[in-house]
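The structure appears right after this line, and notes come after that.
The values are calculated or read from the model by the stated rules, or taken from the named source; none is laboratory data. Source: prediction; values computed, not measured. Positions of Cβ are backbone-derived with ideal geometry, glycine not excepted, and every protein chain shown enters the neighbour counts. Accessible surface areas use protein heavy atoms only, side chains included; no ligands, DNA or RNA. Shrake-Rupley method; radii C 1.70, N 1.55, O 1.52, S 1.80 Å.
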Amino acid sequence: MPGQRSITQAEKLAAEKLGGFPIRRDQMAAVANIYRAASAVRQHLENSVLRGSDLTWTAFVVLWVVWVWGESETRHVAEEAGISKGTLTGVARTLESRGLLSRAGHPTDGRLVLLRLTDEGEELMRRVFPAFNEEEAFVTAGLSDSECRDLAEGLRQVVLQVEEHGEERRRELLGGSDPAPRRSGRRAKA
């Protein structure tokens with residue numbers, strides 16, 4: 001994008017800034033590039049495929065999760081989509097108002113809500129996903145099939161490390177305390 005620093009410039013500036021710090025540079029570069037790649041891919045897919053169907057990345061991921069898993073409890077959809085239950089509520093209401101998703105109470109536990117795709121939602125996913133997948137192929141075109149598999153496995157190992165050991169590590173870093181609650185970013189008015 002015009003006006004943005006390239007990844008090469010950002011890496012050079014970070015190296016200059018952190019020259020005297022005893023840090024693990026390869027690990028820093030790996031995590032920074034996970035973030036940069038995820039942001040670049042998300043922006044590309046939103047701008048090339050999803051916008052034409054009036055979908056945000058988050059809305060698409062919610063539809064994908066329900067499409068793949070079938071009717072699911074909202075808490076499971078939120079977890080699988082990597083979003084808060086509050087965010088899911090807004091996204092689900094929007095998708096429901098568009099006729100793509102339906103919400104229903106759980107048959108045995110009135111506290112729970114189930115989500116399922118409508119026929120229109122199923123049709124949308126059958127139409128949009130092939131184009132989405134074509135763009136997945138586009139953004140990985142610089143990699144061979146074997147490199148794609150290796151990258152996918154490496155990223156899977158990162159996810160498993162956090163899933164299997166992240167909670168223990170957080171407790172260790174916080175001296176056994178629970179993390180502070182998330183904030184919306186807004187500060188209380190004085």
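For LEU55, work out the one condition from (1) assigned to a helix (DSSP H, G or I); (2) open to solvent by less than 40 Å² (accessible area, probe 1.4 Å) it doesn't fulfil.
(1)
In region 62-114, how many residues are small (Gly, Ala, Ser), touching a residue at least 24 places away in the same chain (Cβ under 8 Å) and in contact with a Ser or Thr (Cβ under 9 Å, 6 or more places away or on another chain)?
1
Take the residues in region 137-168 that are in a helix (DSSP H, G or I), touching a Leu at 6+ places or on another chain (Cβ under 9 Å) and free of Cβ contacts under 8 Å to residues at least 24 places away in the same chain; name whichever of them is nearest to ARG36 (Cα to Cα).
Checking each candidate, the answer is LEU151.
Which residues, taken from region 72-103, are assigned to a helix (DSSP H, G or I) and open to solvent by less than 30 Å² (accessible area, probe 1.4 Å)?
VAL77, ALA78, ALA81, LEU88, VAL91, ALA92, LEU95
Being farther than 19 Å from TRP69 by Cα and in contact with a helix residue (DSSP H, G or I) (Cβ under 7 Å, 6 or more places away or on another chain) is the filter here, so list the residues in region 103-154 that pass it.
ALA131, GLU135, VAL139, THR140, LEU143
Yes or no: THR108 over 11 Å from VAL62 (Cα atoms), open to solvent by less than 30 Å² (accessible area, probe 1.4 Å) and among the β-branched types (Val, Ile, Thr)?
no
What is the number of the single condition among (1) surrounded by 11 or more Cβ atoms within 10 Å (Cβ to Cβ); (2) farther than 19 Å from GLU122 by Cβ that TRP69 does not meet?
Status for TRP69: all satisfied but (2).
Considering region 115-128 alone, what residues qualify as being without any contact (Cβ under 8 Å) to a residue 24 or more places away in the chain and surrounded by 15 or more Cβ atoms within 10 Å (Cβ to Cβ)?
Answer for region 115-128, where residues must be without any contact (Cβ under 8 Å) to a residue 24 or more places away in the chain and surrounded by 15 or more Cβ atoms within 10 Å (Cβ to Cβ): just THR118.
With respect to PHE21, determine if the residue is assigned to a loop (DSSP other than H, G, I, E, B) and either free of Cβ contacts under 8 Å to residues at least 12 places away in the same chain or surrounded by 13 or more Cβ atoms within 10 Å (Cβ to Cβ) (or both).
yes
Among LEU63, LEU13, which is the only one that is among the aliphatic types (A, V, I, L, M), part of a helix (DSSP H, G or I) and closer than 24 Å to ARG126 by Cβ?
Going through LEU63, LEU13 in turn, the sole match is LEU63.
Looking only at residues that are under 19 Å from GLU123 (Cβ atoms) and open to solvent by 60 Å² or more (accessible area, probe 1.4 Å) in region 26-52, which one is farthest from the chain's Cα centre (by Cα)?
The residue in question is GLY52.
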